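Mind having a look at this structure? Questions to follow.
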């Protein structure tokens with residue numbers, strides 16, 4: 001049985017800036033081997049209402065814009081929305097702590113977002129650069 005912190009997904013470690021100094025190349029290799037979940041959330045669960053439903057609508061749209069929407073995370077998002085509604089209704093500190101724990105998992109708090117540094121993939125030269133580049137002469141055919 002493992003003790004200590006659970007292993008962090010390689011993509012998250014890369015996004016946070018390789019905090020354990022494992023090495024970006026090793027993390028990229030590990031991330032390529034990890035399964036990738038399907039994008040998008042299912043419709044809002046029927047039992048969510050009021051603040052929880054409004055939170056689902058808002059957060060699912062925001063997470064989709066951040067490209068962090070994954071189908072298996074829908075249950076965690078549901079928990080986040082319920083925790084938010086409970087915290088607002090009760091005003092108790094324990095409920096807010098539960099909400100903050102969920103929020104940090106999703107990168108929703110300002111501190112959690114600051115930890116996420118998403119590297120943009122190099123897509124090669126821009127189309128405009130290719131079109132404006134000088135033409136390479138073809139070798140003469142003999």
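Does residue 15 qualify as being touching a helix residue (DSSP H, G or I) at 6+ places or on another chain (Cβ under 9 Å), surrounded by 11 or more Cβ atoms within 10 Å (Cβ to Cβ) and assigned by TED's automatic domain parsing to the domain that holds residue 70?
On the way: touching a helix residue (DSSP H, G or I) at 6+ places or on another chain (Cβ under 9 Å): yes; surrounded by 11 or more Cβ atoms within 10 Å (Cβ to Cβ): yes; assigned by TED's automatic domain parsing to the domain that holds residue 70: no.
In short, no.
Limited to region 20-43, what total is found for residues that are part of a loop (DSSP other than H, G, I, E, B) and touching a residue at least 24 places away in the same chain (Cβ under 8 Å)?
Counting residues in region 20-43 that are part of a loop (DSSP other than H, G, I, E, B) and touching a residue at least 24 places away in the same chain (Cβ under 8 Å) gives 6.
Testing residue 23 on (1) loosely packed, with under 13 Cβ neighbours inside 10 Å; (2) assigned by TED's automatic domain parsing to the domain that holds residue 112, one condition comes back false. Which one is that?
(2)
What's the number of the condition residue 4 fails, among (1) exposed (fewer than 10 other Cβ atoms within 10 Å of the Cβ); (2) in the same structural domain as residue 84 (by TED's automatic domain parsing); (3) closer than 23 Å to residue 115 by Cβ?
Unmet condition: (2).
For the subset of region 45-99 comprising residues that are surrounded by fewer than 16 Cβ atoms within 10 Å (Cβ to Cβ), more than 21 Å from the chain's Cα centre (by Cα) and in contact (Cβ under 8 Å) with a residue 12 or more places away in the chain, which member is nearest to residue 15 (Cα to Cα)?
Checking each candidate, the answer is 88.
Which count do you get for residues in region 60-80 that are within 11 Å of residue 106 (Cβ to Cβ) and assigned to a helix (DSSP H, G or I)? Walk me through how you get there before you give the answer.
Initial filter on region 60-80 (within 11 Å of residue 106 (Cβ to Cβ)): 60, 62-63, 66, 68-70, 73, 76-77, 79-80.
If we keep only those that are assigned to a helix (DSSP H, G or I) too, we end up with 60, 62-63, 73, 76-77, 79-80.
Count: 8.
I've got another one for you. Output the number of the condition that residue 50 fails; it satisfies all remaining conditions of (1) within 27 Å of residue 27 (Cβ to Cβ); (2) at pLDDT 90 or above.
Just one mismatch for residue 50, condition (1).
The values are calculated or read from the model by the stated rules, or taken from the named source; none is laboratory data. As the structure is a computational prediction, the values presented were derived from the model and not from experiment. Glycine gets a Cβ as well: all are built from the backbone with ideal geometry, and neighbour counts include every protein chain shown.
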